[in-house]
1. Can you classify the chain as rounded, prolate or oblate using the Cα gyration tensor, where a ≥ b ≥ c are the square roots of its eigenvalues, rounded means a/c under 1.5, and otherwise it's prolate if a/b beats b/c and oblate if not?
2. Keeping all protein chains in place, calculate the accessible area per residue for the stretch 146-248 (probe 1.4 angstrom), answer in Å².
3. Please work out how many pairs of lysine residues in the chain are eight or more positions apart (or on different chains) and have Cα atoms closer than 18 angstrom.
4. So, with a 1.4 angstrom probe, what is the percent of accessible area on the chain that is carbon and sulfur?
5. 222 nm [θ] for the chain, helices only, -39500 (n - 2.57) per DSSP H run of 4+, per residue, to 500?
6. Which of the listed residues, Phe46, Leu218, Gln10, is farthest toward the dipole's positive end in the chain, when Lys, Arg count +1 and Asp, Glu count -1 at the beta-carbon?
7. Could you compute the FRET efficiency for Ala27 and Asn185, with r as their C-beta to C-beta distance and R0 at 35 Å, rounded to 0.05?
Amino acid sequence: MDYITFPWEQLGWALRRLSLSGGMGNAAAWILFIALGALPLIAAAFLLYRRMGHRTDFLLAVLSAALFVGLWFFINPSYMDRYLSPIPTGGNAKYALAAVIDSLLLTWLLLRFLLRMETESSMAGRLPELPIGENLPGGERHFQRKLLLLLRMLLNLYALALAVSLVAEGVTEFRESLAALQENNTGSGDFLLTVSALFLALQSGIGLLPAVAQIALLLMTGLFLRCYEKEPFGPKSCLRMEQLKKNSGRLLLLLLLANVSFNVLQLLLSRFLLTSCHRILFPLREIIVMLGIRTLSFLYLESKRLKEDNDMFI
């Protein structure tokens with residue numbers, strides 16, 4: 001698992017050797033330490049200077065603080081168990097440090113990617129929402145409505161089944177984790193057990209967020225299909241599609257921020273936690289779903305525009 005700490009542990013080791021090499025080496029190590037920790041702040045200042053800053057760049061300040069703390073501990077690894085864990089871990093606290101730094105960096109990069117997607121989407125502009133009906137023949141229109149109704153029913157049933165299994169599995173996993181926590185830490189104080197159990201519950205809740213986001217998107221898709229069935233290119237259908245497009249990005253944003261916030265919170269309170277779980281989240285499936293929904297929305301709105309142009313000629 002040492003690859004998890006790359007390159008932060010290696011940087012800490014190099015700075016420690018440089019610091020112990022003598023007076024000049026110690027001064028150089030301090031300069032490099034400050035420069036490395038301040039890199040995210042320099043990036044934020046550069047983006048602000050180029051007028052490319054965004055409120056998501058607040059993560060760069062958090063990342064800078066995490067870098068200063070993390071590099072200091074990697075330079076002085078003997079202090080990890082003393083300050084980052086209530087019990088000796090044999091240096092395993094370094095994985096939590098690296099996970100927090102990596103998750104902050106990855107989350108910032110993904111949020112900037114989402115910001116770019118939102119900017120390009122707004123630059124494309126919104127088409128006017130005019131109520132336009134379909135001119136399909138009666139038989140085809142009836143068959144289309146039956147297909148849409150069947151699809152909506154299947155989406156709702158799948159969302160219901162997913163919700164039931166989500167609750168059942170989540171409760172079972174939490175009980176098993178809580179039992180293991182209590183069994184493996186029988187000699188620990190009640191306060192540490194209570195705080196650890198609270199974080200275990202929070203961890204279980206955050207672990208359910210991807211499935212909750214999936215259920216939300218399924219329900220919103222069902223609402224769009226209901227409006228599309230009644231009036232395919234009407235104002236309500238366009239509104240539902242716009243909501244589906246925006247909320248897909250917002251739900252992904254929620255997943256990223258919830259994960260990185262939990263990682264940071266665990267690190268801040270690691271002294272009181274008997275167990276912890278740090279995840280470096282790269283939600284590939286959710287990113288693919290978001291891009292798919294946005295592509296579908298563009299195709300839908302472009303079809304609406306072409307239909308309006310054809311109706312003008314008719």
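The values are calculated or read from the model by the stated rules, or taken from the named source; none is laboratory data. Keep in mind that what you see is a predicted model, and the values were worked out from it rather than measured. So basically every Cβ, Gly included, is an ideal-geometry build from the backbone, and we count neighbours across all protein chains shown. When the accessible area is computed, the model is the full protein with side chains, heavy atoms only, and any ligands, DNA or RNA have been set aside. Shrake-Rupley method; radii C 1.70, N 1.55, O 1.52, S 1.80 Å.
1. Working: a/c = 4.27, a/b = 1.75, b/c = 2.44.
Since a/c reaches 1.5 but b/c is at least a/b, the shape of the chain is classed as oblate.
2. Values: 5810 Å² over 103 residues.
For the stretch 146-248, the solvent-accessible area averages 56 Å² per residue.
3. Values: Lys146/Lys230; Lys230/Lys304; Lys230/Lys307; Lys236/Lys245; Lys236/Lys246; Lys236/Lys304; Lys236/Lys307; Lys245/Lys304.
Summing the qualifying lysine pairs gives 8.
4. Values: 12340 of 18340 Å².
C and S atoms contribute 67 percent here.
5. Working: 9 runs with 246 residues, N = 314.
Only helices count here, giving -28000 deg cm²/dmol.
6. Phe46
7. Given R0 = 35 Å and the Cβ-Cβ separation, E is 0.20.
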